[in-house]
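Reviewing the structure listed below.
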Amino acid sequence: MTPDDAITRILDRLRTSLDQITVSVNALGAEESCGESAAGSVKVVFNPLGELKRVEIDPSFLHGAGRRRVEEALLEAFREAERAADAARADFARGLEFMGVPIGQALQDGSIVEILPDRRHISRMFQD
């Protein structure tokens, strides 16, 4: 194998890995992580990329609970949804590889993030 052939193979593997990461991240963005409080009267939904998808508040709770209780319930549901999104993101990251190397290890120095197509989602996924 010539040096040019070796470089071509490495670049092909790199393209394949980047394509797989992009597809996986897009799929992850479609997942939902829900947090609830006040016996299900308040629901908050994030995706594992940290994007808020929706907030649902039962109208009877909203009108009957008072401002302070509604605020507390919202905070509780937000925190629960964030924990669920963090767990989903961690599960996803454990199975992801870049050119045969676990993604956490590949991203350790941060240099790979610069070549990925949607950096803000990728880098946010692996922040502690």
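Please treat every number below as a calculation from the coordinates, not as lab data. Since the structure is predicted, the reported quantities are computational estimates derived from the model, not experimental observations. Don't worry about glycine lacking a Cβ; one is built from the backbone with ideal geometry, like all the others, and counts go over all protein chains shown.
Applied to segment 35-40, the Karplus parametrisation 6.51 cos²θ - 1.76 cosθ + 1.60 on θ = phi - 60° returns per-residue 3J(HN,Hα) values of x, 10, 8, 6, 6, x Hz, with x for Gly and Pro. For residue 76 and residue 18, the difference between the fully extended length at 0.36 nm per residue and the C-alpha to C-alpha distance is 17.2 nm.
Counting only other residues whose beta carbon sits under 10 Å from that of residue 47, what net charge do I get with K and R as +1, D and E as -1? So the environment of residue 47 carries a net charge of -1.
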